[in-house]
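The values are calculated or read from the model by the stated rules, or taken from the named source; none is laboratory data. Values in this document were obtained by computation on a predicted structure and should not be read as measured data. Glycine gets a Cβ as well: all are built from the backbone with ideal geometry, and neighbour counts include every protein chain shown.
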Amino acid sequence: MTQKSSRPISVVTGGAGFLGSHLTDRLLSAGHDVIVIDNFITGSPQNLEHLAENIHFKFIRHDVTEYIFVPGHVDYVWHFASPASPIDYLELPIPTLKVGSLGTHNALGLAREKQATFLLASTSETYGDPLIHPQTEDYWGNVNPVGPRGVYDEAKRFAEAMTMAYHTFHGMNTKIVRIFNTYGPRMRLRDGRVVPAFISQALTNQPLTIFGDGSQTRSFCYVSDLIEGIYRLMMSQYHYPVNIGNPREMTIQEFGKEILKLIPTSSTLEFKPLPVDDPKVRQPDITRARTILDWEPQVDFEEGIARTIDYFKSKI
Ligand code: NAD
Ligand code: UDP
């Protein structure tokens, strides 16, 4: 990759993960040169192997909680590095806190040094177990800092505060996206999130493990829609948090029944204890994204889930 290219240069931390690898593909197709930085703690080289011969792509294996060095000019820093599935961050509480705090500080430092525009991948988990519904960006959230999910939620809340401070005090051009549950190809079969869990269970005739009574809700966004919203946010001039997600809400039990309809299987529903602090409802209010970014999800649930099932069939 040439450093004197007239193409924009993007750094993607966490680019070997589910979302980061889709973002990398999107940036390459938009004409960027892309440098991915990842330590593979939850990501995989397989997510990037199709780019091995691409001269506009470069990979640096590095833990971003340590000082980040990137030679040459950089235009955009997309900070996606962080464990993201509840199973991952429960197993990796301290790396999760460190990447949200130290990793965000280093990624902001890189962007400042390069005078680059910075985007933080934040989360709907900043709202915790929300007391308002649907969630607007003005809601401050209901998070238990010392509960099991606190390591992720508080790390992301800290990361948002750090990003705003760099905007306010250093005059940096920063963006914050609050990502709601997203699904699609390249999720890990066993990352524990409900979409890969139910699809892989149905494909292997195992019971679908519904946590609690399955009345808790989530709203699932297909990955290409999410990436488009995030790309538009980076290119906008808006500095406050923006929700990106699909407002179509369903209970987890409804989601399980949909999977049983779509996949020929002998699986049934099996009820397991609800994890501590599991949010009871979640649905994005996307008025801000609609207004500022002229963005709207395009892929409906039936189409997105069919594509995702096809992907998992090829992986089982
Ligand atoms: P993922 O686990 O697939 O990807 C995260 C990537 O970050 C992995 O490749 C991992 O190896 C890398 N990473 C973690 N710590 C690192 C470190 N210290 N140094 C270098 N690399 C490191 O998860 P994902 O679903 O792609 O999530 C990506 C981002 O989006 C995360 O910041 C997550 O919090 C956010 N997010 C995702 C969702 C979702 O539904 N997928 C929802 C809300 C927020
Ligand atoms: N869930 C479930 N069975 C599973 C995995 C998850 O019932 O095997 C539930 C989980 O308790 C939560 C919802 O599905 O209420 C979404 O979980 P996920 O881990 O995908 O993400 P979260 O939105 O909780 O971060």
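Below, the figures for the structure above:
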read-out: Residue in region 263-283 that is over 26 Å from residue 143 (Cα atoms) and touching a Gly at 6+ places or on another chain (Cβ under 8 Å) present; value: yes
read-out: Filter result for residue 89 (assigned to a helix (DSSP H, G or I), out of contact with any strand residue (DSSP E or B) (no Cβ under 8 Å at 6 or more places or on another chain) and either modelled with pLDDT under 95 or of a type in the set (Phe, Trp, Tyr) (or both)); value: yes
read-out: Positions within region 206-221 being part of a strand (DSSP E or B) and of a type outside the set (A, V, I, L, M, F, W, C), in sequence order; value: 209, 217, 218, 219
read-out: Selection count where residues are among the aliphatic types (A, V, I, L, M), part of a loop (DSSP other than H, G, I, E, B), closer than 16 Å to residue 106 by Cα and within 18 Å of the chain's Cα centre (by Cα), scope region 30-77; value: 1
read-out: Residue within region 113-135 that is among the β-branched types (Val, Ile, Thr), assigned to a loop (DSSP other than H, G, I, E, B) and within 14 Å of ligand 2 (Cβ to nearest atom) present; value: no
read-out: Residue in region 202-217 that is touching a Lys or Arg at 6+ places or on another chain (Cβ under 6 Å), within 25 Å of residue 315 (Cβ to Cβ) and more than 13 Å from ligand 1 (Cβ to nearest atom) present; value: yes
read-out: Residue that is surrounded by the most Cβ atoms within 10 Å (Cβ to Cβ) [pool: residues in region 70-90 that are among the small types (Gly, Ala, Ser), within 16 Å of ligand 2 (Cβ to nearest atom) and within 18 Å of residue 36 (Cα to Cα)]; value: 82
read-out: Filter result (in a loop (DSSP other than H, G, I, E, B), closer than 15 Å to residue 290 by Cα and away from ligand 1 (no atom under 16 Å from the Cβ)) within region 222-269; value: 236, 237, 238, 240
read-out: Subset of region 136-181 that is surrounded by fewer than 23 Cβ atoms within 10 Å (Cβ to Cβ) and small (Gly, Ala, Ser) - its residue that is farthest from ligand 2 (Cβ to nearest atom); value: 171
read-out: Residue list for region 182-205, restricted to those being in contact with a helix residue (DSSP H, G or I) (Cβ under 9 Å, 6 or more places away or on another chain), within 12 Å of ligand 2 (Cβ to nearest atom) and assigned to a helix (DSSP H, G or I); value: 194, 195, 196, 198, 199, 200, 201, 202
read-out: Index of the failed condition, residue 194 passing every other in (1) more than 16 Å from ligand 1 (Cβ to nearest atom); (2) buried (at least 18 other Cβ atoms within 10 Å of the Cβ); value: (1)
read-out: Residue check for residue 120: closer than 25 Å to residue 239 by Cβ and buried (at least 20 other Cβ atoms within 10 Å of the Cβ); value: yes
